[in-house]
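This report refers to the structure that appears directly beneath it.
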Amino acid sequence: MTMYNIYYKRDICGNPKSYEVTTDNFKKWLKWHNKERVSEGNMPEDESDFDVELAYIIYFNKGD
């Protein structure tokens, strides 16, 4: 399974990008994320507000 780390990059104060989540589907996560934001009275965010990077997962305890 391919996983992606999602970072919020849009910061008007000059702060570095911040980790949001690791997911297997950025577009589905963004749809869910924006549904939550709108339900809380916030504006939805755009794909361009995020950096999507391939996550490298190393399993050590998955059994013999």
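For T22, the conditions (1) surrounded by 10 or more Cβ atoms within 10 Å (Cβ to Cβ); (2) in a loop (DSSP other than H, G, I, E, B) are fulfilled apart from (2). Being surrounded by 12 or more Cβ atoms within 10 Å (Cβ to Cβ) and at negative phi: is that true of P44 here? Yes: the conditions hold for P44. If the condition is being under 11 Å from E53 (Cβ atoms) and free of Cβ contacts under 8 Å to residues at least 24 places away in the same chain, then region 1-34 contributes only Y19. Looking only at residues of region 27-52 that are of a type in the set (D, E), in a helix (DSSP H, G or I) and closer than 14 Å to Y7 by Cα, we find that the one that is modelled with the lowest pLDDT is D49. Within region 53-62, the set of residues being assigned to a strand (DSSP E or B) and surrounded by 10 or more Cβ atoms within 10 Å (Cβ to Cβ) comprises E53 only.
The values are calculated or read from the model by the stated rules, or taken from the named source; none is laboratory data. Remember, it's a predicted structure, so these values are computed and weren't measured experimentally. So basically every Cβ, Gly included, is an ideal-geometry build from the backbone, and we count neighbours across all protein chains shown.
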